[in-house]
1. What is the one condition in (1) under 21 Å from A:Val326 (Cα atoms); (2) among the hydrophobic types (A, V, I, L, M, F, W, C); (3) open to solvent by 10 Å² or more (accessible area, probe 1.4 Å) that B:Leu102 does not satisfy?
2. Find all pairs meeting these conditions: Cβ atoms under 7 angstrom apart; at least six residues apart or on different chains; first residue within region B:51-75 and over 18 Å from B:Gly18 (Cβ atoms); second residue surrounded by 16 or more Cβ atoms within 10 Å (Cβ to Cβ) and among the acidic types (Asp, Glu).
3. What tally of residues in region A:116-140 results from selecting those that are farther than 18 Å from A:Ala69 by Cα and buried (at least 17 other Cβ atoms within 10 Å of the Cβ)?
4. Please go through region B:66-87 and give me each residue that is open to solvent by less than 20 Å² (accessible area, probe 1.4 Å) and either away from chain A (no Cβ under 14 Å) or basic (Lys, Arg) (or both), ordered by number.
5. Taking region A:1-59 as the search range and keeping residues that are without any contact (Cβ under 8 Å) to a residue 24 or more places away in the chain and crowded, with 17+ Cβ neighbours inside 10 Å, which one is nearest to A:Tyr238 (Cα to Cα)?
6. So which residues in region A:216-251 are within 14 Å of chain B (Cβ to nearest Cβ) and among the aromatic types (Phe, Trp, Tyr), if there are any at all?
7. Restricting the search to region B:27-37, which residues are more than 12 Å from B:Glu11 (Cα to Cα) and either more than 12 Å from every other protein chain (Cβ to nearest Cβ) or not in a strand (DSSP E or B) (or both)?
8. Only one of these conditions is not met by A:Arg285: (1) crowded, with 21+ Cβ neighbours inside 10 Å; (2) of a type in the set (Lys, Arg); (3) within 14 Å of another protein chain (Cβ to nearest Cβ). Which number is it?
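The values are calculated or read from the model by the stated rules, or taken from the named source; none is laboratory data. Everything numeric here is computed off the predicted structure, so don't read it as measured data. Virtual Cβ from ideal backbone geometry, glycine too; neighbours counted across all protein chains shown. The protein model used for the area step is the full one, side chains on, heavy atoms only, and it has no ligands, DNA or RNA in it. Shrake-Rupley method; radii C 1.70, N 1.55, O 1.52, S 1.80 Å.
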Amino acid sequence: MSDTPLKETPLHALHVALGARMVEFAGYAMPVQYPTGILAEHQHTRAAAGLFDVSHMGQVRLTGPNAAAALETLVPGDIQALAPGRQRYTLFTNDQAGILDDLMVTNAGDHLFVVVNAGCKDADLAHLQRHLAGKCAIEAQFERALVALQGPEAASVLLRLAPGIAGMGFMSGRQVAVDGVPCFVTRSGYTGEDGFEISIPPENASRVVQRLLAEPEVKPIGLGARDSLRLEAGLCLYGHDIDTTTTPIEAGLAWVVNKRRRAEGGYPGAAIVADQLANGTKRKRVGIKPAGRQPAREGTPIEDAHGNPVGTITSGGFGPTVGGPVAMGYVAASSAADGTPLQAVVRGQKLAAAVAPMPFVPHRYHRP
Amino acid sequence: MATIRFSEEHEWIRVEGGVGTVGITDYAQGQLGDVVFVELPAAGKQVTKGGDAAVVESVKAASEVYSPVTGEVVEANQALADDPAKVNADPMGEGWFFKVRLADPKELDGLMDQAGYDAFVKGLG
């Protein structure tokens, strides 16, 4: 066990003051829940507006006329065609077409704004520096705060404090003053709901967050509900549903690689991705719905109806909006069709389950 | 008059006429968070003191519930199948897990009484 003290986000004191239960995550002390509890925090987010501290994630700026072309040497996404003000989800891949991390990239006009996972941010920064040095300027801004305001009321709330967000559609980003503080705001998130992610200078973070929490629709939400929300939304969690042993095609993320990048390659593992696009993969990431009420969690072995092992669950738990267990995992391609009957082996018992389409809860992104 | 005792794993047992009703304490349900599923032992199952008896699942994780005594399960609380949230709402009452016929009532002497358990929880900080 490490003796290194846990890192704290700029909102740490606020979480403690709100009575959060703090846990270790990616070397940070983070709120897993507030006194409200995970179930209620999850449901509140889908009913109104939940505010999440995601400052532990890594924010990076890439600057220079060749930044987009340079980044394309590390990701399969089309970054050069990303118009100013537009945002894209993409992946860092390795030479085996395995996934090093998933990330968001926004064309902020005079730079690319990149957000990577907390657990990977040091390795991702080193990866960028190793491969992109000399091609563009790389500036880590790990000290900045990042908060996510998610839910059907998020836009109404944020409009009161940030009139500059008017007209933003899903997957867009812009510089906006929030309660007078210059921030970078994207309309995106990790819950399947409409919502925003707000990058705030660290010295203003607590004030902006308290201002948001003062709005009647808003409650603070912890990492516990963040996980149940994203699972219901069918979104991958790096290190669990995707990692260096899974390719984008196995993971059902082929849409990340557009026509031009499929044809041109030029990123690590491109040949393997091309092969898998042409010839298929042996296994696929799918949604899995246990038939009863018992959850089937990460690591649960999956068998087909005849008892043959066909895969493993990579994320699983209880979906509060669904009102029952939900999961995702990898199964043999021959068992991947929607409706395929499966058995999840939980504590020696074989629980009936089936392949289910994702998301389990429909997305409600704002696409005017 | 029922005797109530507590284990260090935060189970309680209320014994009357040689049969103990077992559940988890208010401290335990608070630590777990919202309970979404409970796996109960079948009537007739033999349990041992400190051995696995049931499983309680929160949104995030599954946790073992141990039997505080050795004996035979005589009944499980089927109401928890439809409403596992009873464990959070009324952990010492309607949130009971199972009833066990004690093989050795002297095992109760090794468990904490209310005052002892309260001090134990306080010491957990």
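1. (1)
2. Close Cβ pairs (under 7 Å, with a partner that is surrounded by 16 or more Cβ atoms within 10 Å (Cβ to Cβ) and among the acidic types (Asp, Glu)) amount to B:Ala54/B:Glu39; B:Val55/B:Glu39; B:Ser58/B:Asp34; B:Val59/B:Asp34; B:Val65/B:Glu11; B:Tyr66/B:Glu11.
3. Of the residues in region A:116-140, 7 are farther than 18 Å from A:Ala69 by Cα and buried (at least 17 other Cβ atoms within 10 Å of the Cβ).
4. Once the filter is applied, which keeps residues that are open to solvent by less than 20 Å² (accessible area, probe 1.4 Å) and either away from chain A (no Cβ under 14 Å) or basic (Lys, Arg) (or both), region B:66-87 yields B:Ser67, B:Pro68, B:Val69, B:Gly71, B:Val73, B:Ala76, B:Asn77.
5. Narrowing region A:1-59 to residues without any contact (Cβ under 8 Å) to a residue 24 or more places away in the chain: A:1-6, A:8, A:12, A:16-17, A:19, A:22, A:24, A:29, A:35, A:37, A:40.
Subset that is crowded, with 17+ Cβ neighbours inside 10 Å: A:12, A:22, A:29, A:37, A:40.
On the way: A:His12: 24, A:Met22: 21, A:Ala29: 19, A:Gly37: 24, A:Ala40: 25 Å.
Checking each candidate, the answer is A:Ala29.
6. First, the residues of region A:216-251 that are within 14 Å of chain B (Cβ to nearest Cβ): A:221-232, A:237, A:240.
Of everything in region A:216-251, nothing turns out to be within 14 Å of chain B (Cβ to nearest Cβ) and among the aromatic types (Phe, Trp, Tyr).
7. Of the residues in region B:27-37, the ones more than 12 Å from B:Glu11 (Cα to Cα) are B:30-37.
Answer for region B:27-37, where residues must be more than 12 Å from B:Glu11 (Cα to Cα) and either more than 12 Å from every other protein chain (Cβ to nearest Cβ) or not in a strand (DSSP E or B) (or both): B:Gly30, B:Gln31, B:Leu32, B:Gly33, B:Asp34.
8. Against the list (1) crowded, with 21+ Cβ neighbours inside 10 Å; (2) of a type in the set (Lys, Arg); (3) within 14 Å of another protein chain (Cβ to nearest Cβ), A:Arg285 comes up short only on (3).
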